[in-house]
Amino acid sequence: MIEIAGSVDDFQGAVEKTNGLEWLGEWEIEDIEPNDDFYEPTTKIGADFFKNKINGVTKKQSKEIQEILKAYKFIDDDGKIISDGIPELSLPDHLAHLRRDIDQAIERRAKNKQLTGRLFLSFTNEQGMKELLSLWKKWKKGEKLPRGKTKWRDVFKQTLKIRRWGMEETLYETGMIDHWRDLIDPIQPDRKIRFQIELFYRQNAERRKNNETTVGALLRETGGQSLGSFIDMPDIAFHAVKAELPEGKIRHLLNALDSSSDSDLGLFKFPGVMYFRPTGQSLVISNDESGAAAEFPDSGDMPRLPPMAAILDGVPNLQHEALKDRILFDDPDNLAAEYQPGERKHGTAMASLVIHGELDGQPDPLSSQVYFIPVMQPDPETSDRSAHFPDDVFFEDRIARAVRRMLEGESNTPAQAPTVKIINLSIGDPKRPFIHTPSPWARLLDWLSWKYRVLFCVSAGNFNGDIDVGVPHGEFSKLPDKRKKIDISLKSIAKQLSQRRLSSPAESLNSLTIGALHTDESGDYESGNRIDLLPDEALFSPVSRFGHGFRRSIKPEILFPGGRQLYRIPFRNSDKHLSLDSALRRPGQQVAWDSKEEGALSQVVYTRGTSNATALATRNGVRIHEVLTKLQEEHDEKIPENLIAVLIKTLLVHGARHDAQAETALIDSLKTSKNSRRFKEVMARYLGYGMVDIERVLGCTEQRGTVIGCGEIKEKEIHEYRFPLPIELSGISDWRRMVVTLAWFSPINPRHRNLREAKLELEPAETWDRMPLKLKRKDSDNDQVLRGTVQHEILESKKQVAKYQEDGHILLRVIGKADATERLDDKIPYGLAVTLEVEERVDILPGIISNIPVYEGIRAGIKSKVATET
């Protein structure tokens with residue numbers, strides 16, 4: 001393993017040209033403090049700067065850009081930055097398409113950030129190790145490296161350490177040591193302890209088989225065994241096995257580690273092992289309360305339309321009055337037989353929210369069925385028999401089979417729900433928080449999303465631990481100002497960020513990750529012995545987990561209501577820790593519930609969390625599909641089936657924005673002199689792109705109009721969209737807002753540090769403030785919005801609009817780029833949405849904005865053309 005500070009291009013090529021070394025992967029590590037030996041100059045932009053920072057830029061172009069910066073007096077003749085402000089550049093036509101890349105490169109250089117390093121993984125045999133160490137020794141002596149090995153010079157210049165992959169990574173980083181300490185039971189010294197072994201993914205199938213043979217032999221040698229066959233999924237580079245060892249062997253390992261002595265257990269020294277991980281996780285929390293009976297009046301016809309949404313979860317109660325005849329249930333593994341009455345809680349609640357929304361809100365049920373395929377079952381080893389994935393089952397395999405059965409079919413069984421466009425995943429693995437690189441589960445969702453052109457809505461995960469408010473409860477409860485309580489609570493939550501990382505698979509790139517808002521429709525409630533730590537319904541739920549996502553992308557992207565979550569008042573006024581209140585009563589979101597009582601088929605309770613928020617996101621995705629279907633019928637148009645899901649993804653995010661009250665609370669509590677320059681990133685960690693106002697997406701007004709586009713784009717292609725502007729806006733000085741959203745599904749390359757093969761960008765033909773509307777970005781960091789698969793930007797202004805004639809317009813460009821691949825061969829599906837909004841008092845004639853149909857933007861409301869970069 002080689003750890004470096006800085007960056008080295010094409011390190012993979014250097015590894016693959018060295019005998020005995022095999023490239024296995026890499027990932028970025030952040031926040032390496034600069035020191036005297038390792039630092040990156042941040043005050044100079046040389047002639048080759050842009051060539052090295054932007055793919056496809058030639059040496060000549062790089063020099064030309066540098067000269068432009070000199071002309072703007074941003075840098076001096078030596079390339080040193082001499083201006084505090086980053087200039088708005090006027091670029092020649094042949095460089096205009098690089099504007100966003102140029103701005104980002106300049107901004108990164110000017111920000112003087114900490115170094116970013118990478119962890120490089122390469123499996124070595126003795127020959128490879130000897131050659132690597134020989135090259136390292138030559139370089140340290142100042143000797144010239146052999147022909148064909150000069151790339152190693154760039155690596156060694158920034159090398160922090162070279163060492164073997166060991167227990168620090170395989171056991172400590174995954175939390176296995178602490179997990180095993182908790183499991184050790186002196187009363188049952190002979191029991192078996194189960195776990196998962198994840199192997200480095202070798203590109204050669206024979207080498208993978210050899211690793212399987214070796215691991216099997218080492219298990220038997222240690223008195224253990226595998227629990228089944230190895231799983232080998234080349235599309236996501238996942239190779240693993242479930243196993244068990246006698247508790248005594250685990251205790252022996254822990255004792256050796258405690259005494260700092262070397263363990264003689266070969267399994268834990270085998271270099272083919274990447275990680276040891278827990279297995280058989282209980283993924284949802286059970287509750288024994290039965291709930292209260294409710295009335296479900298006849299809501300009219302049962303759904304006749306085929307399913308647009310699917311749910312992967314525990315088994316629901318299909319006979320519950322809220323769900324009966326509304327679910328297309330498919331149970332190929334007969335998991336329903338594992339459940340007893342009263343245990344089908346989580347699946348019932350999620351189905352209730354997807355179909356009806358919050359029952360207190362009395363919304364209309366969906367007009368289409370919901371496809372439901374169970375993937376979890378009760379755990380017979382726990383007292384509450386909470387839903388889980390069994391020890392000998394890979395949830396990656398169970399999820400993959402479920403989606404394949406749904407959309408493609410398996411063996412002689414045809415696709416069971418080929419019309420599904422959205423899959424709800426209100427489950428996650430809290431034992432696998434996101435660190436460094438996406439989990440196999442997240443990579444699987446990315447691959448499935450790309451393969452089947454389907455959208456996954458995934459919960460960010462819940463944090464169920466205590467919150468230490470830092471002051472005695474007696475003092476906290478007497479604070480007269482709710483803003484002070486919010487301030488203390490936000491600061492306390494901010495101290496827990498390392499414990500509140502996203503739960504796998506929420507880091508999935510192609511999926512939408514959903515966070516929870518601290519709001520619901522349950523109305524007033526009796527607080528009793530409970531307290532609201534965040535008495536502001538514009539803020540996130542105090543149980544929500546936060547980003548960032550992979551490569552510091554914005555995750556979760558959007559927030560939906562997740563119910564107001566209260567905390568129990570401690571017994572002693574001196575206590576500073578407050579515990580989660582899990583009672584199934586107000587406040588919260590009313591959902592259908594499975595009861596133990598015979599014949600009780602109308603029970604409801606109040607629940608909270610990101611699972612609920614995710615179900616509401618899925619429900620609203622179906623509502624968006626209903627509107628798209630209606631618009632297609634009205635305008636005699638047809639959106640290609642393979643673009644429906646990505647368009648739903650686009651429109652779900654399109655309605656998101658930061659609430660001003662929530663922004664103010666975060667700024668007042670968390671903004672400091674140290675984080676002020678990057679506070680937009682800090683804000684995005686908690687709020688994502690913001691709370692979603694779905695009604696703004698589903699309809700237009702005379703002051704707000706939305707147009708959409710979709711298509712497939714290749715690398716180096718540019719799709720241009722021309723949006724006509726109402727003549728009534730020419731020259732006015734009234735407030736206006738433009739919201740632009742671009743979303744796509746990308747293929748993945750699990751061998752590349754960036755994973756995402758396709759990088760799409762939306763940019764104006766000129767800078768936003770040079771366009772007729774004179775707009776300025778709000779909310780999100782303009783660099784961070786490009787790191788995932790959704791670019792969502794909100795722009796506003798009150799400056800005077802430039803005067804224009806009848807042909808006034810805005811020109812936007814969608815640009816296709818390669819990321820985690822040298823060449824992008826696939827066409828990338830994307831969706832685009834643009835909304836223009838003006839103050840209500842501005843007189844916009846009907847037919848100018850309000851009568852531009854949403855869907856017509858694909859054909860007539862906007863003009864588009866395809867170009868190719870040169």
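A short reminder: the numbers here are calculations on the coordinates, not readings from a lab. None of the values given here were measured: they were computed from a predicted structure. Glycine gets a Cβ as well: all are built from the backbone with ideal geometry, and neighbour counts include every protein chain shown.
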Legend entry - Read-out Rg/Rh (Cα atoms, Kirkwood Rh), derived from the coordinates shown; its label in [x] 1.01; [y] 1.07; [z] 0.96: [z]
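May I ask you to sort MET274, MET350, MET167 by Cβ crowding, counting other Cβ atoms within 10 Å and putting the fewest first?
Least crowded to most crowded, the residues run MET167, MET274, MET350.
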Legend entry - For segment 454-459, Karplus couplings with θ = phi - 60° (6.51, -1.76, 1.60), whole Hz, Gly/Pro x: 10, 9, 9, 9, 10, 6
Legend entry - Sequence-distant residues sharing a close amide H with GLY709 (under 5 Å, placed H): LEU832, ALA833
Legend entry - the chain, relative contact order [Cα under 8 Å, separation at least 6], %: 11
Legend entry - Cβ-based net charge around GLY515, under 12 Å, with every Lys or Arg adding one and every Asp or Glu removing one: +3
Inset, instruction - Let me know the charge dipole size of segment 293-624 about its Cα centre in debye, to the nearest 20, where only the beta-carbon of Lys, Arg (+1) and Asp, Glu (-1) is charged. - result: 1420
Legend entry - segment 746-769 versus segment 771-787: alpha-carbon centroid distance in Å: 16
Inset, instruction - Estimate the FRET efficiency between MET129 and GLN319 by the formula 1/(1 + (r/R0)^6), using the beta-carbon distance for r and 51 Å for R0, to the nearest 0.05. - result: 0.20
Legend entry - Cut-off 12 Å between beta-carbons: net charge of the residues surrounding ALA833, Lys and Arg +1, Asp and Glu -1: +1
Legend entry - segment 242-262 and segment 147-204: distance between their alpha carbon centers, rounded to Å: 15
Inset, instruction - Please list, or write none, the lysines whose alpha carbon is within less than 16 Å of the alpha carbon of LYS63, excluding same-chain residues fewer than 8 places away. - result: LYS44, LYS51, LYS53, LYS73, LYS80
Inset, instruction - Taking 7 Å along the Cα-to-C-beta vector as the label spot, tell me the VAL471-GLU633 distance in nanometres, rounded to one decimal. - result: 5.8
Inset, instruction - Using Cα pairs closer than 8 Å and at least 6 residues apart in sequence, work out the relative contact order for segment 293-624, in percent. - result: 22
Inset, instruction - Arrange the peptides 87-93, 191-197 so that the one whose residues have, on average, the most other Cβ atoms within 10 Å appears first. - result: 191-197, 87-93
Inset, instruction - Apply the Karplus parameterisation 6.51 cos²θ - 1.76 cosθ + 1.60, with θ equal to phi minus 60°, to every residue of segment 634-649 and state each ³J(HN,Hα) to the nearest whole Hz, in sequence, with x for glycine and proline. - result: 5, 10, 6, 10, 9, 7, x, 4, 6, 10, 4, 5, 5, 6, 4, 4
Legend entry - 222 nm mean residue ellipticity, helices alone, for the chain (DSSP H n ≥ 4; -39,500 (n - 2.57); rounded to 500): -7500 deg cm²/dmol
Legend entry - Cα gyration tensor category, rounded, prolate or oblate, for segment 593-729 with a/c compared to 1.5: oblate
Inset, instruction - Name the shape class, rounded, prolate or oblate, that the alpha-carbon gyration tensor gives for segment 643-721, where a ≥ b ≥ c are the square roots of its eigenvalues, rounded holds for a/c under 1.5, and otherwise prolate holds if a/b is larger than b/c and oblate otherwise. - result: oblate
Inset, instruction - With a 10 Å radius around each residue's Cβ, average the other Cβ atoms per peptide and rank 368-379, 687-698, highest first. - result: 368-379, 687-698
Legend entry - Of LYS60/LYS817; LYS192/LYS596; LYS17/LYS137; LYS451/LYS630, those spanning more than 25 Å from alpha-carbon to alpha-carbon: LYS192/LYS596; LYS451/LYS630
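Taking Cα pairs under 8 Å and at least six residues apart, what relative contact order does segment 520-636 come out at, in percent? Intermediate results must be reported in sequence, preceding the final value.
Values: 145 pairs, mean separation 30.2, N = 117.
After rounding, I find 26 percent.
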Inset, instruction - Order these peptides, 248-259, 735-746, by their mean beta-carbon neighbour count within 10 angstrom, highest first. - result: 735-746, 248-259
Inset, instruction - Arrange ASP781, ASP397 by Cβ neighbour counts within 10 Å, fewest through most, would you? - result: ASP397, ASP781
Inset, instruction - For segment 699-738, state which GluC sites (Glu not before Pro) are in a DSSP loop and have at most 12 other beta carbons lying within 10 Å of their beta carbon. - result: none
